[in-house]
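A.B. asks: Sharing a structure here in structure tokens format.
The values are calculated or read from the model by the stated rules, or taken from the named source; none is laboratory data. This is a predicted model, so every value here is computed, not measured. Positions of Cβ are generated from backbone atoms using ideal geometry, with glycine treated the same way; all protein chains shown enter the neighbour counts.
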Amino acid sequence: MIWVWRILGGLIGVLLLAALGLWAAGFRRSAGKVTASVEIDRPVAHVWRYLTDDTKVKSWVGGLLEIRPEAGTPSGVGWRARMVVAMGEQRFEGDWETTAFEEHKHIGFVMKSPPSAGDGFVETGDYHVEELGGLTRVTLSTHSQYAGWFHRLLEPVISASAQKKINGDLQRLKTLAEAEPIP
């Protein structure tokens, strides 16, 4: 019977060690930060439409089901919308607000979980767009902060998953933009 207690103690020890490792990783300098870039063989004006046209945005952002603009908000700085995203079996909602907007160059944003979500998140981010002699480089940088001890504990896992998702999203953007003929 003592072997059962030893196995149980060992399992609890492994779980505590894993939790401690996640907790410590949450204090790294890059905690919650994700950055990815892609170079697209199209001019900036062609690519820019994929960042500002809701239909085109939904075509390359994985899991983005809906973009519901808030009535009466201006395009550019101050534009707000509710975003509905599916991740596996779960649906998440976030409130987007454009905080910076420079045509063909830069979009800054803040996305927050709705107040009704309880433990949520705040994500700030930037799309930077650069002309590179006929190519366009799009760089997306985000920084997410999580409320609630469980989400903060899982930040290293969430950030790794977000990095993978953003890399895939930008590759889809590249594929779609390059597949469309230049008008």
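A.B. asks: Against the conditions (1) assigned to a helix (DSSP H, G or I); (2) surrounded by 14 or more Cβ atoms within 10 Å (Cβ to Cβ); (3) at pLDDT 90 or above, where does Ser141 fall short? Just the number, please.
C.D. replies: It is condition (1) that Ser141 fails.
A.B. asks: Something else now. When you look at Phe109, is it closer than 20 Å to Lys56 by Cα, surrounded by 15 or more Cβ atoms within 10 Å (Cβ to Cβ) and under 17 Å from the mean Cα position of the chain (by Cα), yes or no? Write out each step before concluding.
C.D. replies: Values: closer than 20 Å to Lys56 by Cα: yes; surrounded by 15 or more Cβ atoms within 10 Å (Cβ to Cβ): yes; under 17 Å from the mean Cα position of the chain (by Cα): yes.
Spelling it out, Phe109 is indeed closer than 20 Å to Lys56 by Cα, surrounded by 15 or more Cβ atoms within 10 Å (Cβ to Cβ) and under 17 Å from the mean Cα position of the chain (by Cα).
A.B. asks: Also: Can Pro181 be described as assigned to a loop (DSSP other than H, G, I, E, B) and either more than 15 Å from the chain's Cα centre (by Cα) or not polar (S, T, N, Q) (or both)? Can you show your working first?
C.D. replies: Working: assigned to a loop (DSSP other than H, G, I, E, B): yes; either more than 15 Å from the chain's Cα centre (by Cα) or not polar (S, T, N, Q) (or both): yes.
So Pro181 passes the test.
A.B. asks: Can you go through Val47, Val110, Val77, Val85 and tell me which one is touching a Ser or Thr at 6+ places or on another chain (Cβ under 8 Å) and farther than 30 Å from Ile182 by Cβ? Working first, answer last.
C.D. replies: Values: Val47 fails: farther than 30 Å from Ile182 by Cβ; Val77 fails: farther than 30 Å from Ile182 by Cβ; Val85 fails: touching a Ser or Thr at 6+ places or on another chain (Cβ under 8 Å).
Matching residue, one of Val47, Val110, Val77, Val85: Val110.
A.B. asks: Can you tell which of Glu131, Glu102 is surrounded by fewer than 16 Cβ atoms within 10 Å (Cβ to Cβ), touching a residue at least 40 places away in the same chain (Cβ under 8 Å) and closer than 24 Å to Val47 by Cβ?
C.D. replies: Only one candidate passes the filter, namely Glu131.
A.B. asks: Then there is this: Only residues in segment 60-75 that are within 24 Å of Val38 (Cβ to Cβ) and touching a residue at least 60 places away in the same chain (Cβ under 8 Å) count as the first member; pair them with residues that are surrounded by 13 or more Cβ atoms within 10 Å (Cβ to Cβ) and among the aromatic types (Phe, Trp, Tyr), Cβ under 7 angstrom, at least 6 apart or cross-chain, and list the lot.
C.D. replies: Filtered contacts from segment 60-75: Trp60/Tyr50.
Here's the yes/no breakdown for (1) touching a Pro at 6+ places or on another chain (Cβ under 9 Å); (2) part of a loop (DSSP other than H, G, I, E, B); (3) modelled with pLDDT under 95:
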site	(1), (2), (3)
Arg68	no, no, yes
Asp95	yes, no, yes
Thr99	no, no, no
Ile107	no, no, no
Met111	no, no, yes
Gly125	no, no, no
His128	no, no, no
Gln145	no, no, yes
Arg152	no, no, yes
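A.B. asks: Now for a different question. Considering Ala160, Ala86, which residue is of a type outside the set (S, T, N, Q), farther than 22 Å from Asp54 by Cβ and either part of a helix (DSSP H, G or I) or without any contact (Cβ under 8 Å) to a residue 60 or more places away in the chain (or both)?
C.D. replies: Working: Ala86 fails: farther than 22 Å from Asp54 by Cβ.
The conditions single out Ala160.
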